[in-house]
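Read through the structure below, which is laid out as structure tokens, and then see the notes.
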Amino acid sequence: MATGIKDKVAIIGMGCTKFGERWDVGAEELIVEAFQECIEDAGIDRKEIQAAWQGTCIDEVNVGKSALALALTLHLPYIPVTRTENFCATGTEAFRGAVYAVASGAYDICLALGVEKLKDTGYGGLPSIGGGSLAFFTMPNMTAPGGFAMLAQGYAAKHGLSMDEVKKAMAHISAKSHYNGSLSPKAHLQRPVSEDQILNSPMIAYPLGLYDCCGVSDGAAAAIVTTPEIARSLGKKDYVTVKALQIAISSGEELQYDNWDFDHFVTTSKASSLAYKEAGVNNPREEVSMMEVHDCFSITELVTYEDLHISERGKAPKDVMEGFYDINGKIPCQPDGGLKCFGHPIGASGIRMLYEMYLQLLGRAGKRQIQNPKLGLTHNLGGFPFMNINSVAIIGRHDA
Amino acid sequence: MIGIVSYGGYVPRLRLPRMTMFQSMAWFAPATIAVAQGERSVCNWDEDALSMGVEAARDCLKGTDKAGVDALFLASTTLPYADRQNAGIASTALNLKNEILTADFTGSLKAGTTAMISAFESLQSGNKNSILVAASDKREAKAGYFYEMWFGDGAASLLLGKEGVIAELKGYHSVSYDFPDHYRDAAKKYDYIWEERWIRDEGYVKILPEAINGLLSKYSLSIGDFSKVIYPCFFSREHAAIAKKIGASPQMVQGNMHETCGEMGTAHPLAMFIHALEDAKPGDKLLLASFGQGSDAFWFEVTENIAKLPARNGIKGSLAKRKEMESYTKFCQFRDRLGADTGIRAEVSAQSPLSVLWRKRKAILGLVGGRCKVCGTPQFPKTDVCVKPECHAVYEQEDYEFSGRKAKIISFTGDLLAVSIDPPAIYGMVQFEGGGRTLLDFTDCELEKLGVGQTVKMSFRKRWYDKERGFHGYFWKAVPQEEA
């Protein structure tokens with residue numbers, strides 16, 4: 001009988017680079033920057049790492065295929081290193097590999113590191129991610145903003161909201177993240193932006209404007225995990241443990257069957273329910289202390305509040321406008337600025353979210369510190385609303 | 001009885017007023033004011049001779065049993081492929097049966113009528129019972145040239161057969177001359193055209209009367225026996241002069257459509273003929289002749305069946321569905337004459353996997369999906385495992401054609417980041433009547449007029465052109481319908 005991951009694995013060290021347009025460095029330098037912070041935080045010798053997972057997504061403009069980039073850059077001594085790639089859930093998948101390896105008892109100490117160097121393309125936005133040979137012939141030439149813009153249309157239609165109402169809630173979401181980003185020294189974008197500026201920004205893919213879209217950034221983030229016993233033996237007192245790790249991937253029903261209105265994420269709805277069960281959370285609206293969700297676009301964040309079962313269906317705009325998710329709200333969301341302002345180097349994002357939750361849980365979040373958090377939730381959404389990879393992770397204080 | 005069983009037309013909805021063209025190029029070519037009346041039809045950027053031919057053929061096949069079609073002849077001088085049979089692509093797009101003869105008729109503006117004669121003779125031989133002919137052209141002319149104004153884009157289609165004939169073929173006659181009024185090298189984009197006065201006087205005004213008079217004498221007819229005489233000639237004065245020369249009264253002459261769409265190449269004689277059929281009565285005798293290195297002339301007699309033909313766009317309906325094109329530069333951009341910057345993002349060039357195209361040809365070219373024989377769920381694309389969660393039956397799907405089905409918009413966007421010849425790229429998810437859904441590009445629409453729940457119809461379009469390898473990629477797009 002499976003018993004889930006709760007409290008079987010401890011995070012003893014994390015690191016994260018400055019995110020942004022890192023014209024000065026490539027993926028290799030980003031790997032070292034994240035890793036050095038991480039291993040110093042863990043307080044172990046690098047020889048103690050027995051296995052590693054590398055998360056990278058768009059290999060064409062990044063480090064190429066395979067896990068060689070991580071192994072070669074850090075000169076890891078002939079240990080197993082595995083590359084994970086699952087769109088925007090790539091980083092969380094790398095973390096999941098390391099966590100499961102420790103939980104299985106196969107290894108004592110493992111490393112997960114996600115890295116993405118995106119700003120070597122010559123243009124703004126993400127490169128397109130191929131969908132296979134049939135899609136090449138049949139799928140619209142869709143960009144990420146376009147794919148998620150359709151979610152805003154579907155959401156507005158489903159709940160009988162005007163696009164103005166939805167846009168206002170979306171603007172509040174982005175303004176909140178910009179404010180949080182201004183408190184976050186490693187964030188890509190650190191300038192507060194008003195809701196008016198957001199509403200009047202140039203259109204990218206109707207109804208999403210420039211400020212509804214997250215940054216395209218370079219960056220890396222890393223985590224070292226071990227068993228709670230080893231964490232304690234290393235002298236760690238307030239260590240953080242993994243409470244839940246769930247992945248749900250579209251089955252094709254959204255894209256091909258007749259029962260979805262392009263208004264929500266079926267995957268997130270299912271994965272979050274399983275995550276709460278795994279973590280022993282009965283009422284997420286009351287028990288989750290804070291979140292880092294996958295705000296690739298403001299509409300994604302809005303809809304995700306409902307799919308995480310925190311806002312009721314159709315009520316997320318109300319919660320947003322009431323400040324429920326603001327830094328001083330009931331459940332602060334994106335305290336570090338989120339994808340929107342901290343940035344979104346795809347392979348690193350999942351681990352970057354965990355890094356922020358980890359800092360907050362250990363009371364190390366500086367000006368944006370949330371009072372006494374117990375459980376932090378992270379969420380990734382890779383792909384498009386109609387076919388995606390969703391991850392939900394919950395980490396918390398070991399005694400929570 | 002052998003003759004026309006059905007007809008269909010396709011004139012792209014965009015119309016460029018010739019005065020707009022003149023205003024853009026008057027500084028360079030002031031003399032073009034002489035022909036700057038009315039408007040010309042213009043392909044959207046995602047249309048070409050092949051896609052328009054398919055659309056005209058779809059219109060023609062409305063209400064008919066397409067399983068009975070024995071052959072498909074596609075006529076054009078501007079087909080996308082020199083070698084890869086364009087009629088074969090059209091046949092797959094139309095989801096016609098595999099046991100079929102397909103052929104491209106090309107190399108002359110009379111190729112459409114030549115395809116008709118070949119089809120009639122094949123029917124007469126008894127080897128075939130039903131032949132679909134489509135003629136289509138998207139001709140190019142240089143900026144500021146009279147021909148840029150004379151030409152229009154469009155397609156016409158005729159189903160020729162033995163049952164349910166609406167216009168009986170009573171006779172035909174051809175003449176062929178290597179009259180080089182214009183020519184186009186196989187590798188060139190534009191025609192090289194000789195002096196217009198010579199083309200008019202030695203070409204149109206001599207060759208068309210010769211073919212028409214040849215038909216009359218072959219069947220001992222006089223021009224007065226006909227209710228309509230139909231022949232192309234974009235020189236409006238000579239169009240009338242030919243009538244005078246063959247003894248036809250002005251009322252008998254079918255208009256050359258200069259004002260409404262322009263001269264549509266190989267499709268033009270067929271389109272004019274269809275335009276005449278749309279107003280014809282049982283018993284009417286129609287004389288049709290083409291022009292292009294000779295001429296093919298026909299004698300048709302309209303039957304009682306014409307009243308039974310199901311509703312269709314035809315030429316009249318196509319002409320009525322119009323949207324004015326506001327800019328000459330847009331016309332140039334659509335025809336790849338402007339060189340507008342599409343940015344580094346557009347540089348990504350991928351080869352088109354031809355083995356996939358073959359394996360999935362029904363889905364890609366024909367929009368054929370699957371329907372589960374166990375639970376009845378239609379789905380696109382057709383897959384081995386049924387998508388319905390309560391079913392998941394394996395290997396139980398039969399072909400299911402989506403192209404003729406209406407759908408409703410589930411969601412959509414107008415994407416300014418996506419590379420597009422005509423930004424924003426508009427696309428969305430649509431739900432088909434009767435089940436099944438997919439994501440499609442939208443075309444022939446304006447973003448601000450779209451809404452969730454709006455009806456769309458399918459249209460066969462070009463999605464991309466790989467310049468490096470010369471590959472034309474086709475698929476289906478959704479055309480939003482104006483709400484009544």
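Residue by residue, what Karplus-based ³J(HN,Hα) values in Hz, rounded to whole numbers, does region A:39-53 have, using 6.51, -1.76 and 1.60 with θ = phi - 60° and x for Gly and Pro?
6, 5, 5, 5, x, 10, 8, 4, 5, 7, 6, 9, 7, 9, 10
Leaving out same-chain residues fewer than 8 places away, which lysines sit with a Cα under 27 Å from that of B:K245?
Excluding near neighbours in sequence, the set is B:K110, B:K170, B:K206, B:K218, B:K228, B:K281, B:K285.
Please give the charge dipole size of the protein assembly as shown, origin at the Cα centre, charges +1 on K and R Cβ atoms and -1 on D and E Cβ atoms. Round to the nearest 20 debye.
About 740 debye.
Distance between the C-alpha centers of region B:265-339 and region B:23-67? Whole Å please.
Using only Cα atoms to place each centre, the spacing works out to 10 Å.
Could you list B:F298, A:F148 in order of exposure, starting from the residue whose Cβ has the fewest other Cβ atoms within 10 Å?
With the sparsest Cβ surroundings first, the list reads A:F148, B:F298.
Report Rg (one decimal) and Dmax (nearest whole number) for the protein assembly as shown, counting Cα atoms only, units Å.
Rg, Dmax (Cα atoms, Å): 32.9, 113.
Any idea what angle helix B:49-60 forms with the longest principal axis of chain B, computed on alpha-carbon atoms, 0 to 90 degrees, nearest 10?
90 degrees
Ranking B:M272, B:M458, A:M321 by Cβ neighbours within 10 Å, fewest first, what do you get?
Lowest to highest Cβ neighbour count: A:M321, B:M458, B:M272.
Name the long-range amide H neighbours of B:R437: under 5 Å, sequence gap of 5 or more, or other chain; modelled H, no Pro or chain starts.
B:F380, B:F432
Given the convex hull of the Cα atoms of region B:3-334, what is a quarter of its surface area in nm²?
Over all viewing directions, region B:3-334 projects a mean Cα-hull area of 15.5 nm².
So, with +1 on the Cβ of K and R and -1 on the Cβ of D and E, and no other charges, what is the size of the charge dipole of region A:302-357 about its Cα centre, to the nearest 20 debye?
Dipole size: approximately 60 debye.
At 7 Å along the Cα-to-beta-carbon direction for both B:N213 and B:S352, put a label point, then send me their distance in nm to one decimal.
4.9 nm
Going out from 0 in 10 Å bins, what whole percent of all Cα-Cα distances in chain A drops into each bin?
The percentages, shortest bin first, are 5, 26, 36, 25, 8, 1.
From the P(r) of region B:119-278, can you give the percent of Cα pairs sitting at distances over 28 Å?
26 percent
So what is the 222 nm mean residue ellipticity for chain B from helices alone, if each DSSP H run of at least 4 adds -39500 (n - 2.57) and you divide by all residues, rounding to the nearest 500 deg cm²/dmol?
After summing the helix terms and dividing by residue count, I get -6500 deg cm²/dmol.
Size of region A:32-83 along its principal axes in angstrom, Cα-based, largest extent first?
Principal extents (Cα only, largest first): 35, 21, 14 Å.
Amide H neighbours of B:G294 under 5 Å, counting only residues 5+ apart in sequence or on other chains, H built in-plane at 1.01 Å?
Residues meeting the amide H criterion: B:Y177, B:F179.
Quick check: pseudo-label points 7 Å beyond the Cα along Cα→Cβ at B:A320 and A:K47, how many nm apart are they?
Reported label-point gap for B:A320 and A:K47 is 8.7 nm.
Around B:D153, which amide H atoms from residues at least 5 apart in sequence, or from another chain, sit under 5 Å from its own amide H, with H modelled in the peptide plane?
B:S41, B:V42, B:C43
Name the lysines eligible as straight-distance cross-link partners of A:K186: C-alpha to C-alpha under 19 Å, and not fewer than 8 places from it in the same chain.
A:K18, A:K117, A:K119, A:K176, A:K340, A:K367
Could you size up the charge dipole of chain A around its Cα centre, putting +1 on the beta carbon of Lys and Arg and -1 on that of Asp and Glu, and report it in debye to the nearest 20?
With Lys and Arg at +1 and Asp and Glu at -1, about 680 debye.
Could you check which residue among A:P145, A:P185, A:P317 shows the biggest mean-square fluctuation in a GNM of chain A with a 10 Å Cα cutoff?
A:P185
Given N residues in region B:337-378, what is its alpha carbon radius of gyration divided by 2.2 N^0.38 Å?
1.96
Note the angle between two axes, namely the Cα long axis of helix B:111-124 and the longest principal axis of the Cα atoms of chain B, as a number of degrees from 0 to 90, rounded to the nearest 10.
With both axes taken from Cα atoms, the answer is about 90 degrees.
From the phi angles alone, apply the Karplus equation (6.51, -1.76, 1.60; θ = phi - 60°) to region A:223-236 and give each ³J(HN,Hα) in whole Hz, x where the residue is Gly or Pro.
Result, rounded to whole Hz: 9, 10, 10, 7, 7, x, 5, 5, 4, 5, 5, 7, x, 7.
Take the alpha carbon gyration tensor of region A:251-346, find the square roots of its eigenvalues, order them as a ≥ b ≥ c, and report rounded if a/c is under 1.5; if not, report prolate when a/b exceeds b/c, else oblate.
Because a/c hits 1.5 or more and a/b exceeds b/c, region A:251-346 counts as prolate.
Mind listing which trypsin sites (Lys or Arg not before Pro) in region A:20-96 are in a DSSP loop and have 12 or fewer other Cβ atoms within 10 Å?
Of the trypsin sites (Lys or Arg not before Pro), the ones in loops of region A:20-96 whose Cβ has at most 12 other Cβ atoms within 10 Å are A:K65.
Could you line up B:W464, B:W198 from fewest to most neighbouring Cβ atoms inside 10 Å?
B:W198, B:W464
A short reminder: the numbers here are calculations on the coordinates, not readings from a lab. If you're wondering where the values come from, they're calculated on a predicted model, not measured in any experiment. All Cβ positions, even for glycine, are placed from backbone atoms using ideal geometry, and neighbour counts span all protein chains on display.
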